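Scroll down for the structure; my scribbles are underneath it.
The values are calculated or read from the model by the stated rules, or taken from the named source; none is laboratory data. Everything numeric in this text was worked out from a predicted model, so none of it was measured. As a convention, Cβ positions derive from the backbone with ideal geometry for all residues, glycine included, and neighbour counts pool all protein chains shown.
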Amino acid sequence: MGDYDEDTAFLGQTGPYFWTTFFLLNTVFVSTGFNGLYIVFVGAAPKHHCLIPDVNLTDEWRNAIIPFTEVDGKEVKNQCSRYKLDVVRNLSAEGYIPGRDVNLTSLEKEGCLDGWNYSKEIYQSNIVTEWDLVCDNQWKVPFASSTLFVGYLLGSLISGQLSDRFGRKKVVFISLAAQSVSVLLQSFSYSWRMFCIMFLFVGASQISIYISAFVLGTEVLSKTMRVIFTTLGAFLFYCIGYMTLPWIAYGIREWRTLLAVLSMTSVVYIPLWWMAINIGYFGLSLNTSNLSGNPFMNCFLSATTEVPAYVVSTWLLSKCPRRALLSSFLVIGGGVLLLIQFIPDSFHYVALALEMTGKFGFTMAFSMVYIYTAEIYPTVLRNVGMGMCSSAARIGSITAPYVIYLGTYNKVLPYILMGSLTIASSVVNLFLPETFNRDLPETVEQMQECQG
């Protein structure tokens, strides 16, 4: 077996063939940016309260039938209960005035037996409003998010084997087609269960695109250009799709139409440290809908933060050792997450800035971990190794929605968990071998020569 980098040296550093190959490989990542995080909008819970049927109630009782509850020091309408309708209807018929003749706190409550009334200020419809995924059913939203990452796990396990057997390029094109079909079928979901099943296929096809295209790029490009491809290339093109997503969602507020449009983006292109990074990265990405302010702008800022991260990481990867860089940015991401919990609610912009700083750190680590892992494994194991490491990362992705869900019990819990895991992973990373300025290992024996 000849030297890997010598065998691929004919491509050169620049030139028409190289740039054509570079851009064709990278364009496939744009569609994954479109389709990776639309659950942020499709699964967001708008303001809601119990639906009051068209019964004979006075205006006073119709306004008073929803009890108030205290949330973050403010009195707001209860989203999951109302005063018992039969009792209120009798009191209204007898002419009693709520608050004056009747002590409302003494009235018996009941659930939203007639459904919910949802605000359409932000979303015309999504899976929450269509299938009432609120109150006792609110757990179904993070479960749906996790099915995407279960798909990532399954896709990570099989994509490496398939690409080794049938070829990287074939797997990339088949996965692009599968992603497009899965998202389109998901837009026709008639139930929450069907939505989750199709989301699993979306995740499996999406990670297959990522791994196969990424490995293909690292194997056909030169040593110098390999760094550019894995940072400014693959991840920046993903970020372009990610940045475009909130603007598409802003223009299309109906979830079925949104998914149908996003499914077409794939058709255009058809002619423990991994785990912690994924928990932090996807945790912060999915958390944008929970931040104060405009959810579309929050998502856009979250995506925009990735651009300088990819640019800076490209330069640093060509100048600095991988191990120190990865650990440093894991510390930055984890440290910021641990600090956020001490910021008062009134300092919204400070908390937002810290969250974006954490996203910056995780994005830097995310862009580095792929090339670092590809350089550790020898050629004979690289695709399988990338698949297995990505599988480990999917465990983090699968749990990320539930980490964010912990905020419903205590808002600091997600930050403590994500921050602690990230700091711990930065320490574990220090035991990995250094690959900076070393040739790609061809065999297991060459890999073993690298000391951790």
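Some notes on this structure:
- Annotation note: Cβ proximity below 7 Å between a residue of region 340-359 that is outside the structural domain of Asn290 (by TED's automatic domain parsing) and a residue that is modelled with pLDDT of 80 or more and acidic (Asp, Glu) (sequence gap 6+ or interchain) occurs for no pair.
- Here Tyr152 clears all of (1) surrounded by fewer than 24 Cβ atoms within 10 Å (Cβ to Cβ); (2) under 18 Å from the mean Cα position of the chain (by Cα); (3) hydroxyl-bearing (Ser, Thr, Tyr) except the condition numbered (1).
- On the stretch given as region 177-207, residues that are part of a helix (DSSP H, G or I) and either crowded, with 24+ Cβ neighbours inside 10 Å or of a type in the set (Gly, Ala, Ser) (or both) total 15.
- Flag for Ile270 being in a helix (DSSP H, G or I) and modelled with pLDDT under 80: no
- Search result, residues across region 301-313 that are crowded, with 20+ Cβ neighbours inside 10 Å and either polar (S, T, N, Q) or touching a Pro at 6+ places or on another chain (Cβ under 9 Å) (or both): Ser302, Ala303, Thr305, Ser313
- Whichever residue in region 57-96 is of a type in the set (S, T, N, Q) and part of a strand (DSSP E or B) and, among such residues, is nearest to Val134 (Cα to Cα): Ser81
- Single residue of region 82-118 satisfying the filter (in contact with a Lys or Arg (Cβ under 9 Å, 6 or more places away or on another chain) and buried (at least 17 other Cβ atoms within 10 Å of the Cβ)) that is farthest from Leu57 (Cα to Cα): Tyr118
- Any hit, region 63-72, residues being in contact with a Phe, Trp or Tyr (Cβ under 6 Å, 6 or more places away or on another chain) and surrounded by 14 or more Cβ atoms within 10 Å (Cβ to Cβ): yes
- Qualifying residue in region 42-56 (condition: assigned to a helix (DSSP H, G or I), of a type in the set (A, V, I, L, M, F, W, C) and farther than 29 Å from Ser397 by Cα): no
A quick yes/no check of all residues on (1) closer than 14 Å to Ser119 by Cα; (2) not assigned by TED's automatic domain parsing to the domain that holds Phe195:
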{"site": "Tyr38", "(1), (2)": "no, no"}
{"site": "Val55", "(1), (2)": "no, yes"}
{"site": "Thr58", "(1), (2)": "no, yes"}
{"site": "Arg62", "(1), (2)": "no, yes"}
{"site": "Ile66", "(1), (2)": "no, yes"}
{"site": "Glu70", "(1), (2)": "no, yes"}
{"site": "Glu75", "(1), (2)": "no, yes"}
{"site": "Gln79", "(1), (2)": "yes, yes"}
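- Top-ranked residue of region 73-89 - restricted to ones that are more than 17 Å from Lys47 (Cα to Cα) and modelled with pLDDT under 80, ranked as nearest to the chain's Cα centre (by Cα): Gly73
- Residues satisfying the stated conditions in region 119-135, i.e. assigned to a loop (DSSP other than H, G, I, E, B) and either of a type outside the set (Val, Ile, Thr) or within 23 Å of Thr58 (Cα to Cα) (or both): Ser119, Lys120, Glu121, Tyr123, Gln124, Asn126, Asp132, Leu133
- Residue in region 374-397 that is part of a loop (DSSP other than H, G, I, E, B), hydroxyl-bearing (Ser, Thr, Tyr) and surrounded by fewer than 23 Cβ atoms within 10 Å (Cβ to Cβ) present: yes
- Ala177 being closer than 20 Å to Met388 by Cα, at pLDDT below 85, among the aliphatic types (A, V, I, L, M) and in contact with a helix residue (DSSP H, G or I) (Cβ under 9 Å, 6 or more places away or on another chain): no
- Selection count, region 94-129, where residues are basic (Lys, Arg) and either farther than 25 Å from Ala44 by Cβ or over 44 Å from the mean Cα position of the chain (by Cα) (or both): 2
- For region 343-398, the tally of residues that are basic (Lys, Arg) and over 18 Å from Pro414 (Cβ atoms) stands at 2.
- If you filter region 119-149 down to residues that are hydroxyl-bearing (Ser, Thr, Tyr) and surrounded by fewer than 19 Cβ atoms within 10 Å (Cβ to Cβ), you find that the one that is farthest from Gly293 (Cα to Cα) is Ser125.
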